[in-house]
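What follows is a set of notes on a single structure, which appears directly below.
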There are 2 protein chains.
Amino acid sequence: MTHIASQQNPRLKALRRLHAKRERERSGTFIVEGEDLVAAAQAAGREPLEGYRLAGSGLGGAGFHEVERDALSHVSALGSGTRVLAVYEQRWLAAPQGPLCVYLHGVGDPGNVGTIVRAAHAFGASCVALGPHCADPHSPKAVRASMGAIFSVPVARARGVADLPGERLALDAHAAEVLRGPMAEIAHELTLLIGSEREGLPAEVLGACARRARIAIEGDSLNAAMAATVALYEMTRRPSRVPAS
Amino acid sequence: MTHIASQQNPRLKALRRLHAKRERERSGTFIVEGEDLVAAAQAAGREPLEGYRLAGSGLGGAGFHEVERDALSHVSALGSGTRVLAVYEQRWLAAPQGPLCVYLHGVGDPGNVGTIVRAAHAFGASCVALGPHCADPHSPKAVRASMGAIFSVPVARARGVADLPGERLALDAHAAEVLRGPMAEIAHELTLLIGSEREGLPAEVLGACARRARIAIEGDSLNAAMAATVALYEMTRRPSRVPAS
């Protein structure tokens with residue numbers, strides 16, 4: 001444990017480099033900011049590689065470095081007020097896994113990717129698989145939007161649709177079929193495929209899906225995170241529906 | 001129509017003041033940025049009170065003022081790159097209205113409020129009612145998150161639960177009952193009540209609701225926007241469910 005007062009401290013400089021996706025990929029690590037997220041990591045059984053806390057705050061774990069306020073806020077990616085941050089190992093599955101996988105294609109907004117990781121956790125999906133042109137789920141904004149679910153939901157890279165487990169069900173605003181769960185009535189293993197808000201899934205991906213369905217809406221559209229949340233909700237409904245009293 | 005090159009132009013100064021909620025409330029107006037949102041206003045039949053476009057861009061309407069790039073980006077609340085912005089009248093209902101009203105209590109994040117307005121539009125809700133400690137639905141971030149739905153979904157202020165139409169159904173993570181729609185099986189007129197992510201609805205609001213229900217999730221929680229989206233989806237399901245083939 002060290003006491004750090006200078007923004008020029010080599011450890012802090014190395015931390016700041018983790019704001020860049022390239023450095024996160026090179027190192028296989030990522031930063032988490034804030035007490036809530038560090039606690040979420042701990043609750044998920046994940047130990048930090050290193051940690052930093054506001055000097056004298058007593059936050060974080062025993063080995064956390066003590067950092068003066070100005071130096072600490074200089075490292076934050078999310079603005080002032082961060083009192084603790086820590087570095088964790090990225091964990092990727094070797095391949096997307098079922099039984100309920102969510103595949104994202106061209107979902108470029110980190111807030112949406114993080115929210116989808118959170119929805120995957122809430123509804124018990126087995127994996128979030130990332131295709132081309134997706135935001136990094138380990139970016140500060142995505143981690144924050146996931147509210148720590150990034151520590152619980154397995155993520156994987158998908159090089160192509162063939163990597164995806166089970167039956168493929170594409171969310172497609174132009175589909176004739178309305179999305180209907182639960183998943184148990186459709187397949188034992190399933191991947192939900194979700195595209196970008198503006199363009200949806202590309203034709204070659206849609207063409208590789210056994211089913212396409214749309215969410216029944218009256219007006220306009222949903223963003224990728226809202227669509228994924230609704231689809232996961234629908235897929236995880238209980239098979240036998242109890243009518244409302 | 002005027003040509004504006006200076007950041008000190010009085011019109012631009014007045015525009016910048018609209019970034020503050022107090023000035024939006026005083027004037028009863030709000031700013032919208034970007035081609036998509038100005039187009040959404042037009043599609044909803046809403047005419048701007050005044051408009052500004054990047055000089056020479058040809059964007060916006062006939063009467064839009066021409067503004068040089070630096071002066072225009074200085075007015076933007078959302079960062080650089082805005083090429084058109086316009087001011088619109090805020091429209092508020094005199095009171096929340098049914099048949100399907102969404103009431104928010106303590107939803108302080110403008111992105112969540114805007115996303116809920118968007119969900120209300122997508123699922124055909126009749127009104128979004130705002131209780132205490134909610135973000136302003138006319139703030140730049142909320143307007144952007146609504147993707148223009150703010151021009152289509154009626155909004156209202158609610159001074160108390162007694163203002164809300166129809167049967168009151170509270171989303172409550174601790175409820176015994178699982179949320180089940182469709183609304184037609186519950187009530188002819190309904191208000192869904194949604195609280196803050198951290199604290200939920202206060203006890204006095206819960207106590208004034210005929211029903212409480214939770215969204216069936218496995219892990220952790222949903223944010224207010226995700227919960228509202230799922231609840232609106234559930235409430236607008238078709239009454240007679242067709243099993244998946």
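Computed from the coordinates by the stated procedures, all read-outs in this text should not be read as laboratory data. Fair warning: this is a prediction, and the values are worked out from it, not measured in the lab. Cβ atoms come from the backbone with ideal geometry, glycine included; neighbour counts cover every protein chain shown.
Details
- Dividing the summed helix terms, -39500 (n - 2.57) for each DSSP H run of n ≥ 4, by the number of residues in chain B produces a 222 nm estimate of -7500 deg cm²/dmol to the nearest 500.
- On a per residue basis, the convex hull of the C-alpha atoms belonging to the range A:147-228 measures out at 126 Å³.
- Debye log10 I(q)/I(0) for the range B:93-235, one point scatterer per Cα, at q = 0.10, 0.11, 0.12 Å⁻¹: -0.27, -0.33, -0.39
- Expressed per residue, the C-alpha convex hull volume of chain B stands at 149 Å³.
- Within the shell defined by Cβ-Cβ distances under 13 Å, the residues around B:Ala71 carry a net charge of +3, with Lys and Arg each +1 and Asp and Glu each -1.
- Across peptide B:174-185, the average count of Cβ atoms from other chains found within 10 Å of a residue's Cβ is 2.
- Residues B:Ser139, B:Ser76, A:Ser6 arranged by fewest to most Cβ contacts within 10 Å: A:Ser6, B:Ser76, B:Ser139
- Evaluated over the range A:42-99, the Cα radius of gyration and Dmax, each in Å: 14.7, 47
- Residue-count net charge about A:Gly106 - beta-carbon cut-off 12 Å; Lys, Arg +1, Asp, Glu -1: -2
- Partner lysines for B:Lys13 [C-alpha distance under 28 Å; skip if fewer than 8 residues away on the same chain]: B:Lys21, B:Lys141
- Taking the three principal axes of the alpha carbon atoms in the range A:36-135, the coordinate ranges are 46, 26, 23 Å, sorted in descending order.
- Cα-based Rg of the range A:3-90 normalised by 2.2 N^0.38 Å, two decimals: 0.99
- Hydrodynamic analysis of the protein assembly as shown uses the Kirkwood radius over alpha carbon pairs. Inserted into Stokes-Einstein at 4 °C and 1.567 mPa s, it gives a translational diffusion coefficient of 54 µm²/s.
- Label-point separation in nm, B:Ala162 to A:Arg214, each point 7 Å along Cα→Cβ: 4.5
- FRET E, pair B:Ala44, A:His19, Förster distance 41 Å, beta-carbon r, rounded to 0.05: 0.55
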